[in-house]
Amino acid sequence: MSFDILQDKILEKKNPTVAGLDARIEYVPEHIRKEAYAQYGEGLKGAAEAIYQFNVGLMDALCDIVPAVKPQSAYYENLGWQGMEMLERTIKYAKSKGLYVIADIKRGDIGSTATAYAEGWLSGASIEGKTYKSFDADCVTLNGYMGSDSINPFLEAAKAEDKTVFALVKTSNPSSNELQDVGVKVGGQVFGVMARLLERLGAGTEGKYGYTRIGAVTGATHPAELAEIRSMMPHTFLLVPGYGAQGGTAEDVKFAFHKGGKGAIVNSSRGIMCAWKKTGGDGHDYQEAARNAALAMRDDICQYTSFE
């Protein structure tokens, strides 16, 4: 089961972190940008190639430290088809380096539309009786607030391919309380309703570590709610954004883990990608800076979480 694969990688590296690959062109060091522009022009194609080379360099530097990467599709979609083609290459390269790939797409639709999304990101499209895969991620993020109709097609695709999904429960953004913290008649809050729904939908798909195919996105910026969600979702793997640049700390994220460092993975994007901007150099040291930032994050979290 796919979360077993991710948990194995976490335990092997003793590191429960995922590096976000969410690069805007201004995050890329100047020497990489200039080389790409010289070959492909200063436009969408040149920017896509510059970001791809940046991604490759980051993955080369991080693949022995982090178990997973998380490309956010928005940072590829904004470059049009050139960016999406580059995302497909990025995912393939990540897999070649042994990295688990979480495609952060946050899709939320129903019926045949959700099925089509699931085919594109997880299971592949059927053409004249043959299946052709494009992005082929190991896992995707979903917005399930349209209900189970928006989750089940992805879950079916995940089962067929031995893959997984993460659905939003309590997000890290400041305004999440406007909807997710609203009280409901059945007791608790809206995010609790979603948490219980995911536990129910995932029942029966547990792997060797006891986690179902449906994980939950729970922000580090709301530690009290994170602790509550962990107790509500004993069979659910957690993806925890909000560490670092958004204000979440290692002490906050400790609530996501079960004993032995199991059941959660913590994301950092800008903190790793843009670490070179804090070294005082010109960006030629971006790989070393990213590596040092990833190691510092690992060590920070391991102050509060042990791995068995």
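Return the residue satisfying two criteria in turn: it lies in the range 1-42 and is of a type in the set (Ser, Thr, Tyr) and either closer than 20 Å to Gln72 by Cβ or in contact with a strand residue (DSSP E or B) (Cβ under 7 Å, 6 or more places away or on another chain) (or both), and of such residues it is most open to solvent (accessible area, probe 1.4 Å). Don't jump to the end; show me each part of the working.
Taking the range 1-42 as the starting set, the residues that turn out to be of a type in the set (Ser, Thr, Tyr) are 2, 17, 27, 37, 40.
Those left that are additionally either closer than 20 Å to Gln72 by Cβ or in contact with a strand residue (DSSP E or B) (Cβ under 7 Å, 6 or more places away or on another chain) (or both): 2, 17, 27.
Numbers: Ser2: 3, Thr17: 2, Tyr27: 36 Å².
Step by step, filter the range 1-42, then rank; the result is Tyr27.
State all residues of the range 7-35 that are basic (Lys, Arg) and under 15 Å from Val56 (Cα atoms); if no residue qualifies, say none. Write out each step before concluding.
Of the residues in the range 7-35, the ones basic (Lys, Arg) are 9, 13-14, 24, 33-34.
Hits for the range 7-35 are Arg24, Arg33.
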(Q) If I filter the range 86-107 for residues that are closer than 25 Å to Gly219 by Cα, modelled with pLDDT under 95 and acidic (Asp, Glu), do I get at least one hit? (A) no
**Q.** Matching residues, the range 120-149, being in a helix (DSSP H, G or I), touching a helix residue (DSSP H, G or I) at 6+ places or on another chain (Cβ under 7 Å) and buried (at least 20 other Cβ atoms within 10 Å of the Cβ)
**A.** Leu122, Ser123
Q: Tell me which of these Gly80 doesn't satisfy, since it passes every other one: (1) of a type in the set (Gly, Ala, Ser); (2) modelled with pLDDT of 95 or more; (3) within 22 Å of Gly215 (Cβ to Cβ); (4) open to solvent by 20 Å² or more (accessible area, probe 1.4 Å).
A: (3)
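Can you confirm whether the range 257-276 contains a residue that is charged (D, E, K, R), within 18 Å of Pro29 (Cα to Cα), assigned to a helix (DSSP H, G or I) and in contact (Cβ under 8 Å) with a residue 12 or more places away in the chain?
First pass over the range 257-276, keeping only residues charged (D, E, K, R): 259, 262, 270.
Next, from what is left, pick out any that are within 18 Å of Pro29 (Cα to Cα): 270.
In the following step, the residues that additionally are assigned to a helix (DSSP H, G or I) were identified as 270.
In the following step, the residues that additionally are in contact (Cβ under 8 Å) with a residue 12 or more places away in the chain were identified as 270.
Scanning the range 257-276, I find at least one residue that is charged (D, E, K, R), within 18 Å of Pro29 (Cα to Cα), assigned to a helix (DSSP H, G or I) and in contact (Cβ under 8 Å) with a residue 12 or more places away in the chain, so the answer is yes.
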Q) Does at least one position in the range 239-254 carry a residue that is in a loop (DSSP other than H, G, I, E, B), at pLDDT 95 or above and either surrounded by fewer than 23 Cβ atoms within 10 Å (Cβ to Cβ) or of a type in the set (Asp, Glu) (or both)? A) no
Q) In the range 207-227, is there at least one residue being open to solvent by 30 Å² or more (accessible area, probe 1.4 Å) and on the phi > 0 side of the Ramachandran plot? A) no
Q: Kindly provide the set of residues from the range 150-187 that are open to solvent by 50 Å² or more (accessible area, probe 1.4 Å) and modelled with pLDDT of 85 or more, ordered by number.
A: Asn152, Glu156, Lys159, Ala160, Glu161, Asp162
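Mind telling me which of the residues Tyr52, Tyr93, Tyr76, Tyr40 ends up being within 15 Å of the chain's Cα centre (by Cα) and free of Cβ contacts under 8 Å to residues at least 40 places away in the same chain?
Numbers: Tyr52 fails: within 15 Å of the chain's Cα centre (by Cα); Tyr93 fails: within 15 Å of the chain's Cα centre (by Cα); Tyr40 fails: within 15 Å of the chain's Cα centre (by Cα).
Answer to the check: Tyr76.
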**Q.** Residue that is basic (Lys, Arg), surrounded by 15 or more Cβ atoms within 10 Å (Cβ to Cβ) and out of contact with any strand residue (DSSP E or B) (no Cβ under 6 Å at 6 or more places or on another chain), where the choices are Lys70, Lys45
**A.** Lys45
Q: Give the residues of the range 228-256 that are free of Cβ contacts under 8 Å to residues at least 60 places away in the same chain and on the phi > 0 side of the Ramachandran plot, sorted by residue number.
A: Gly244, Gly247
Q. With respect to the numbered conditions (1) under 25 Å from Ala275 (Cα atoms); (2) crowded, with 23+ Cβ neighbours inside 10 Å, which one is the sole condition not fulfilled by Gly57?
A. (2)
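The values are calculated or read from the model by the stated rules, or taken from the named source; none is laboratory data. Remember, predicted model here, so these are calculated numbers, not experimental data. Don't worry about glycine lacking a Cβ; one is built from the backbone with ideal geometry, like all the others, and counts go over all protein chains shown. Areas reflect the complete protein model, heavy atoms only, side chains present, ligands, DNA and RNA absent. Shrake-Rupley method; radii C 1.70, N 1.55, O 1.52, S 1.80 Å.
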